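In what follows, a structure is listed as structure tokens, so that the remarks can point back to it.
We did not get these values from a lab; they are worked out from the coordinates using the rules stated. What you see is a predicted model, and the numbers here were worked out from it, not measured in a lab. Neighbour counts are summed over all protein chains in view; Cβ atoms, including those assigned to glycine, are modelled from backbone coordinates with ideal geometry.
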Amino acid sequence: MPDSKTVRTLALPSRVDDEAAVVLKANLIKFINEGARKIICDFSATEFLSPEGAEELVNVARFLTKTDGELGICRIRTEVKSAIPQPQLFKFYSVEESVAVVALKNLVTYFEYYENILDLKVRMENDIAHIEIYLEFAASETMQEVQQTVNLIRHSLEHEIKDARVLIIPSTPLEDETPLLVPAIQRQQIVYSSGSESVKQLAQAIEQTVQKDIACTAIKSATPEEQFDLLSVVLWVDQGSANPESASFLKNLHNQKLAIFTVMQNYPYSGYAGECMKNITALLDSSNTVVGRFACQLKDGELVETEIMRACNKYFDIIHDTI
């Protein structure tokens, strides 16, 4: 397994003139001395590359080529690229490719926490990198252990890649190649509180997660006494607990297997969010079983695509873990 320092990235300044070329070469040499054999230079901010700067890049690229390494370039303007002699010495990456390389480098540092990387996808949207990573975990891992690893890797990637939105989908090895399907015999329902378009939006998105007709209805039209194999409640947080309509519904439930999805303004992994979920769970009669909890954060008053995707993946996991 390669060391995490074998791949490095370097953002270049707006002007790489004679003086900046010296600094550039020093930084590249520093990376090489630290063990880097693949270096990706981000030219997104660079508008001028002097002949001296281009020559220094060529010298480093030639050295790395001789040592089975690589000097990569991404997000470079056409006029700046034309200033580079011997372009065959370089690997020119698309933005998606460069992000994927950085993500893989990051994953290497945590290889002892998971079994395998099943897939990695990068999609750019308005200069924001949307990264999907499918990781295989050992069947012996608990859900808590898996979630801790997922959180660790996600926070690390979002710190290293500016404006990245990271979604990590865990998986466990299968006995055969049979696809994961929703069990045929089950009764499910999704109910959502009124008064919030974001809550309704989330409930309807969850409904589309699996290829199965699942009732999705407003709480005011739901019957608390009706029994289901899985009842998912989507609500919004009000004063540290469920909004009044949802609170009343939860108090009247008995012998249900529940998944609770909340929409809130706060960071979903904060202490406040945890207290809110505890307060919501405390509304339930002890005969109920909560099999899944998930909090979605509103950003500028709206649910962003990444939050919805995270919630849908959580719903998918709940179905296969509990039914």
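I want to make sure I understand the PRE zone here: with the label point 7 angstrom from the Cα of Glu197 toward its beta carbon, which residues in region 222-259 have backbone N atoms less than 19 Å away?
Taking a point 7 Å out along Cα→Cβ of Glu197, the residues of region 222-259 whose backbone N falls under 19 Å are 235-237.
Provide the packing ranking of 296-303, 39-46, i.e. peptides ordered by the mean count of other C-beta atoms within 10 Å per residue, highest first.
Top of the packing list down: 39-46, 296-303.
What distance in nm separates the two pseudo spin-label positions at Ala138 and Phe316, each 7 Å out from Cα along the beta-carbon direction?
A separation of 2.5 nm, rounded to one decimal place.
I need the calculated FRET efficiency for the pair Asp18 and His159, taking r as the beta carbon distance and R₀ as 30 Å, to the nearest 0.05.
Values: r = 34 Å, r/R0 = 1.12.
That gives a FRET efficiency of 0.35.
How large is the convex hull of the C-alpha atoms of region 98-171 per residue, in Å³?
About 74 Å³ per residue, rounded to a whole number.
Give me the distance in nm between label points sitting 7 Å out from Cα along the Cα-to-Cβ direction at Leu152 and Glu115, one decimal.
The answer from the label model is 1.8 nm.
When the dipole is taken about the Cα centre of the chain, and only Lys, Arg (+1) and Asp, Glu (-1) are charged at their Cβ, what size is it in debye, to the nearest 20?
Value, rounded to 20: 280 debye.
Kirkwood Rh, Cα Rg: Rg to Rh for region 4-93? Don't skip to the end; give the middle numbers.
Working: Rg = 11.7 Å, Rh = 12.7 Å.
Rg/Rh: 0.92.
At 24 Å minimum axial length over the Cα atoms and a Kyte-Doolittle cut of -1.0, report the qualifying DSSP H helices in the chain, or say none.
Going by DSSP H runs, the hits are 143-160, 305-322.
Would you calculate the separation in nanometres between label points at Ser287 and Thr223, each defined as 7 Å from the Cα along the Cα-to-beta-carbon direction?
1.6
What's the FRET efficiency of Glu34 with Ile128 using the Cβ-Cβ distance as r and R₀ = 22 Å, to the nearest 0.05?
0.15
Counting DSSP beta bridges in the chain, what percent are antiparallel, to the nearest 5?
So the antiparallel bridges in the chain amount to around 20 percent.
On alpha carbon coordinates alone, what is the Rg over Rh value for the chain, Rh being the Kirkwood radius?
In the chain, Rg relative to Rh is 1.09.
Quick one: length gained pulling Asp300 to Arg77 fully straight, 0.36 nm per residue minus the C-alpha distance?
77.0 nm
Which of Asp119, Asp18, Asp68 ends up with the largest GNM mean-square fluctuation for the chain, with Cα atoms connected below 10 Å?
Evaluated over the chain, the most mobile residue of the options is Asp68.
Taking the beta-carbon count within 10 Å as an exposure proxy, list Glu160, Glu307, Glu79 from fewest neighbours to most.
Fewest-to-most ranking of Glu160, Glu307, Glu79: Glu79, Glu160, Glu307.
Give the long-range amide H neighbours of Val304: residues separated by 5 or more places, or on another chain, with amide H under 5 Å away, using H modelled in the peptide plane at 1.01 Å from N.
Counting only residues 5 or more places away or on other chains, the set is Lys299.
Distance check, please: which entries in Lys38/Lys299; Lys25/Lys299; Lys162/Lys257; Lys91/Lys121 exceed 31 angstrom between their Cα atoms?
Pairs exceeding the cut-off: Lys38/Lys299; Lys25/Lys299; Lys162/Lys257.
Restricting attention to the alpha-carbon atoms of region 188-322, what are Rg (one decimal) and Dmax (integer), both in Å?
Cα-based Rg and Dmax for region 188-322 come out at 13.4, 38 Å.
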